[in-house]
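The values are calculated or read from the model by the stated rules, or taken from the named source; none is laboratory data. All figures in this text were calculated on a predicted structure; none of them were measured in a lab. Glycine also receives a Cβ, built like all others from the backbone with ideal geometry; neighbour counts cover every protein chain displayed.
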């Protein structure tokens, strides 16, 4: 009896040992998969940031070269220019400086989002009024291309959002629409209630987007140096920031576009009536 009992005990130990080895092996495999995934993510992140920093440096260099070039012309021969020529120079300086400023603001906000330092303070706000404020900041850029920006959002629509974030979304989408619209074009911003959300559409009749661009436009792969219809500088970085801010608000963003017929950028934000 004692011998049989010992054999059974040994069998139990061997079985337990085998099960333990299986568990350990499974855990090791899981850990290896996690490490491999995290490594790939880290490599992708480093690659994206490297690409991002290169593009930012490039996009800042271009406008500053223009600014320095115009200032040099004015300093060397200020009295040789007619008032109208000087006014034209100043308009270019303002527009170019504004582009650089917007890029730096977007950079600052993007870094704040990724460092978890961007405060989120939602409140009830009139969407039409918020859009009107954003349109004011883009007026000069639109006027230079004779583009009409129309606020078609009803006055009675209210959202529960962070004012600064949605203002940034509006500005970036408007600037993007202006950039890729032809001269004497038009941009229309509308909104409609969709249950607990408000769906906002920024529509232009510009050059439109290719299928390849549409696939990557809200991804880090979409960060690239692209010129607008009037050779404006740009990276697509503002659209990536829009996506992240919209998602913080709890909404979604997407785009519908046809080459040669324009684009419709759409995003959702919470309806204040649901709170």
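The rows are residues; the columns are (1) surrounded by 11 or more Cβ atoms within 10 Å (Cβ to Cβ); (2) closer than 24 Å to residue 149 by Cβ.
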| site | (1), (2) |
| --- | --- |
| 67 | yes, no |
| 78 | no, no |
| 86 | yes, no |
| 97 | yes, yes |
| 101 | yes, yes |
| 105 | yes, yes |
| 110 | yes, no |
| 130 | yes, yes |
Practice item. Return yes when residue 124 is surrounded by fewer than 16 Cβ atoms within 10 Å (Cβ to Cβ) and either at pLDDT below 90 or over 18 Å from the mean Cα position of the chain (by Cα) (or both) and no when it is not. Key: yes
ask   = Quick one: is residue 68 under 30 Å from residue 111 (Cα atoms), at pLDDT 80 or above, in a helix (DSSP H, G or I) and under 43 Å from the mean Cα position of the chain (by Cα)?
value = yes
Regarding the stretch 226-248, can at least one residue be identified that is modelled with pLDDT of 90 or more, touching a helix residue (DSSP H, G or I) at 6+ places or on another chain (Cβ under 8 Å), surrounded by 14 or more Cβ atoms within 10 Å (Cβ to Cβ) and not in a helix (DSSP H, G or I)? no
Being part of a helix (DSSP H, G or I) and either at pLDDT 85 or above or in contact with a helix residue (DSSP H, G or I) (Cβ under 6 Å, 6 or more places away or on another chain) (or both) narrows 48, 3 down to just 48
Condition set surrounded by fewer than 20 Cβ atoms within 10 Å (Cβ to Cβ), in a loop (DSSP other than H, G, I, E, B) and in contact with a strand residue (DSSP E or B) (Cβ under 7 Å, 6 or more places away or on another chain), scope the stretch 167-216, selection modelled with the highest pLDDT: answer is 196
Restricted to the stretch 6-45 and to residues being at pLDDT below 75 and under 30 Å from residue 219 (Cβ atoms), the residue surrounded by the fewest Cβ atoms within 10 Å (Cβ to Cβ) is 41
Checked pairs for the stretch 65-85, first more than 18 Å from residue 97 (Cα to Cα), second outside any helix (DSSP H, G or I) and modelled with pLDDT under 90, C-beta under 7 Å and 6 or more apart or across chains, list as none
Of the listed residues (112, 95), the one being at pLDDT below 85 and in contact with a helix residue (DSSP H, G or I) (Cβ under 9 Å, 6 or more places away or on another chain) is 95
Listed by first then second residue, the pairs whose first member lies in the stretch 194-209 and is touching a residue at least 12 places away in the same chain (Cβ under 8 Å) and on the phi > 0 side of the Ramachandran plot, whose partner is in a strand (DSSP E or B) and surrounded by 17 or more Cβ atoms within 10 Å (Cβ to Cβ), with beta carbons under 9 Å and at least 6 positions apart or on separate chains, are 195/271; 208/257; 208/262; 208/263
For the stretch 132-163 the number of residues that are part of a loop (DSSP other than H, G, I, E, B) and under 15 Å from residue 185 (Cα atoms) is 3
